[in-house]
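S.K.: Below: one structure in structure tokens.
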Amino acid sequence: MADSFTPNLNLRKPEVGAAFDTWGGTSGLNSDLDILDALFNADGTGTGVGLASAAGKVWNAIAGTLKATASRFLLVDATDNTKVVQFDASGLTTGQTRTFKLPDLSDTLATTTSVQAAVTARLPTGTKLEGYYGGVAPAGFVLACGRTIGPTGSAATERANNDTQALYVSLWGQGFVPSGGAGANALADWAANKPIPLPDYRSATSVGKDNLGGTAKGLIPAATDPKTQVGGATASGTVAGTTSGNLSVTASGSNFTNTESGDTHDIQFGNNSQAASIGHNHFFSVTVFGSATGSLTVAGTASGVSTVQPSNVVDVILAL
């Protein structure tokens, strides 16, 4: 019976009682030792083999380098070998080694996508963020610009995508009316591809709803929309004119405090007026306390008299 050979490394298995004085030759044990030795080239280029680590055994690579092609280095779940983690180094710059330091605690590793998803998930749909400087809303947000949102295929002008559904439903429930009028419910209008408008924060700032929590406080001036409705707009205006003539401010009624800065004149409660002579710059501000009665009037001609306070302009975004 002839010698046999191992299936993986092709090592000779001498026939018992028939390989006398031949096992040490170049085709015998000496050749087999060369095959085994080739597994352990110092640069890691030796003969490729498959190895398995038995329970309780350790592969120790504390010294030297454990090197693997990223696409070949797979982490497999201990109980379900169909769950595999694979690495990809193709995005690295040629010749560069990137180092990742692990935190000194047990935690879940985060990726760009997972962080964005987590931030969005922790912001309830409709959450307003202002102070964003980007011009274009980031993933998971839309600009609160008064344009419309709706499903994919709709004529929405800010975002036509199915990821806007939760915000669409929320706005519908707050009294925002979709194009063509409100139907039976939000989902019916969504299915009908009817865009719905977003809140409009262009040249506007925020104020708490007058009846927040259920009880009206009565401090918000008259609004173009109900002041107890989210999205309602408070009254605003500007008084402007030329640089000639005199300017007088008259406050009548109660709960007004009217001050003039520049020459620093105070106008008290009641029917009072303060004249500003030509050649002076007078800037007036009005604060309303409680439920104001009466009126404030500005007469004459003036330049640049405005109710707008100094402001920094920012983008305002809403979470989807």
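The values are calculated or read from the model by the stated rules, or taken from the named source; none is laboratory data. Since the model is a prediction, treat every value here as computed from it, not as a measurement. Here Cβ is always computed from backbone atoms with ideal geometry, including for glycine, and neighbour counts include all displayed protein chains.
S.K.: How many of the residues in the stretch 97-122 are surrounded by fewer than 16 Cβ atoms within 10 Å (Cβ to Cβ) and farther than 30 Å from Ala68 by Cα?
M.R.: Residues flagged as surrounded by fewer than 16 Cβ atoms within 10 Å (Cβ to Cβ) and farther than 30 Å from Ala68 by Cα within the stretch 97-122 amount to 6.
S.K.: Any idea which of (1) at pLDDT below 90; (2) surrounded by 10 or more Cβ atoms within 10 Å (Cβ to Cβ); (3) not β-branched (Val, Ile, Thr) is the one Ser154 doesn't satisfy?
M.R.: Among (1) at pLDDT below 90; (2) surrounded by 10 or more Cβ atoms within 10 Å (Cβ to Cβ); (3) not β-branched (Val, Ile, Thr), the lone unmet condition for Ser154 is (1).
S.K.: Criterion first (more than 30 Å from Val142 (Cβ to Cβ) and in contact with a strand residue (DSSP E or B) (Cβ under 6 Å, 6 or more places away or on another chain)) does Leu75 satisfy it?
M.R.: Considered against the rule, which asks whether it is more than 30 Å from Val142 (Cβ to Cβ) and in contact with a strand residue (DSSP E or B) (Cβ under 6 Å, 6 or more places away or on another chain), Leu75 comes out as yes.
S.K.: Shifting gears a bit: Where residues in the stretch 197-235 are farther than 17 Å from Thr127 by Cα and of a type in the set (Val, Ile, Thr), which of them is modelled with the highest pLDDT?
M.R.: Thr215
S.K.: Against the definition (at pLDDT below 85, under 47 Å from the mean Cα position of the chain (by Cα) and loosely packed, with under 11 Cβ neighbours inside 10 Å), how does Thr69 come out, yes or no?
M.R.: Criteria met by Thr69.
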